[in-house]
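Colleague: Pasting a structure here, questions to come.
The values are calculated or read from the model by the stated rules, or taken from the named source; none is laboratory data. Computed from a predicted structure; not experimentally measured. Quick reminder, even Gly has a Cβ in these numbers, built from the backbone with ideal geometry, and neighbours come from all protein chains shown.
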Amino acid sequence: MGLPMRARSLPRDGYRAPSDVCEADDMNSLNDDARLNELLDELYRLNDAQNSAIDEYYANGAERPTGYEEEGSSSRKFWRDKFVAIDRDKAEFVYLICRSIGATRIIEAGTSFGVSTLFLAAAVRDNGGGIVTTCDNEPTKMAVARHNFEKAMLSDSIDTQTGDIRDTLRNIDEPIDFLLLDIWAPIAADVAKLVGPHIRTGGMIVADNTTVRRNLYGGLFEYLDDPVNGFMTRTLPFDGGLEVAVKTT
């Protein structure tokens, strides 16, 4: 069975412009959806409140992952309740990209508590309808994310997949407009290789923190730089770096 990527006719409850009459593709949820923005404000407050605990975690001798899967597993207990959300300016930029290319079929690698997913789903909804397929290996985080999607009234725009993303993404049967890689860097290349062939010409891949974790993204850069795969990529000067790759052929 393929991933459920077909566009849907989306409900309009809770999503209104001040005039209450505009169509979805006349909307900018980041300006007009008060419910969504209040939720995002709260989620980013919770995210920021965890920064001191993360700093202390590393100050007490924890090593940053070097790329081995056993290291990702050994630190899983600590990270299980951590947001580690994409920076808000990056998330807003991703929303703008998805609006500009008319994205209606999006894949997100790395859901966490669903903060970035909300931006993606808002873009899909504002583009007239579609589906964000978001994947995470942590069931407890996915449960919280689903609750956040319901609170934002965006659940109809989101399909959630729990498990190893390298397995859950093996059945893509429609062209993809956009892939967000906000995942453990060493497996980003595996995901790109699975999804990349399905990305349409003009579609995009965005990966977070590609400057500060460049040594862990070696496989991804090797894939994006290979002309056979059809991408051209640039690292944008956001904090930590943000990779933006466009499929040109």
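Colleague: Could you check Ser19 against (1) at pLDDT below 65; (2) over 30 Å from Leu169 (Cα atoms); (3) in contact with an Asp or Glu (Cβ under 6 Å, 6 or more places away or on another chain) and say which number it fails?
Modeller: (3)
Colleague: Which residue pairs have Cβ atoms under 7 Å apart, sit 6 or more places apart or on different chains, and have a first residue in the range 136-156 that is on the phi < 0 side of the Ramachandran plot and of a type in the set (Lys, Arg) and a second that is at pLDDT 95 or above and buried (at least 16 other Cβ atoms within 10 Å of the Cβ)?
Modeller: Correct list of pairs: Arg146/Thr160; Lys151/Leu39.
Every residue, every condition in (1) under 24 Å from Tyr95 (Cβ atoms); (2) among the basic types (Lys, Arg), yes or no:
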position	(1), (2)
Lys151	yes, yes
Ile158	yes, no
Phe178	yes, no
Asp182	yes, no
Lys193	no, yes
Ile199	yes, no
Tyr223	no, no
Pro227	no, no
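Colleague: Right, next: Only one of these conditions is not met by Gly128: (1) surrounded by fewer than 24 Cβ atoms within 10 Å (Cβ to Cβ); (2) out of contact with any strand residue (DSSP E or B) (no Cβ under 6 Å at 6 or more places or on another chain); (3) free of Cβ contacts under 8 Å to residues at least 40 places away in the same chain. Which number is it?
Modeller: (3)
Colleague: How many residues are farther than 12 Å from Ile107 by Cα and either hydrophobic (A, V, I, L, M, F, W, C) or touching a residue at least 60 places away in the same chain (Cβ under 8 Å) (or both) when one looks only at the range 184-206?
Modeller: 7
Colleague: Still on this model: Kindly check whether there is at least one residue in the range 225-235 that is over 28 Å from Lys141 (Cβ atoms) and crowded, with 21+ Cβ neighbours inside 10 Å.
Modeller: yes
Colleague: Name the single residue, out of those in the range 88-119 being more than 19 Å from Leu39 (Cβ to Cβ) and hydroxyl-bearing (Ser, Thr, Tyr), that is farthest from the chain's Cα centre (by Cα).
Modeller: Going through the qualifying residues, I end up with Ser100.
Colleague: Surrounded by fewer than 21 Cβ atoms within 10 Å (Cβ to Cβ), touching a strand residue (DSSP E or B) at 6+ places or on another chain (Cβ under 6 Å) and at positive phi: is that true of Gly240 in this structure?
Modeller: Criteria not met by Gly240.
Colleague: Mind checking which pairs have a first residue in the range 33-57 that is without any contact (Cβ under 8 Å) to a residue 40 or more places away in the chain and closer than 28 Å to Ser157 by Cα and a second that is part of a helix (DSSP H, G or I) and not β-branched (Val, Ile, Thr), Cβ under 9 Å, 6 or more apart or different chains?
Modeller: Asn37/Ser29; Asn37/Leu30; Asn37/Asn31
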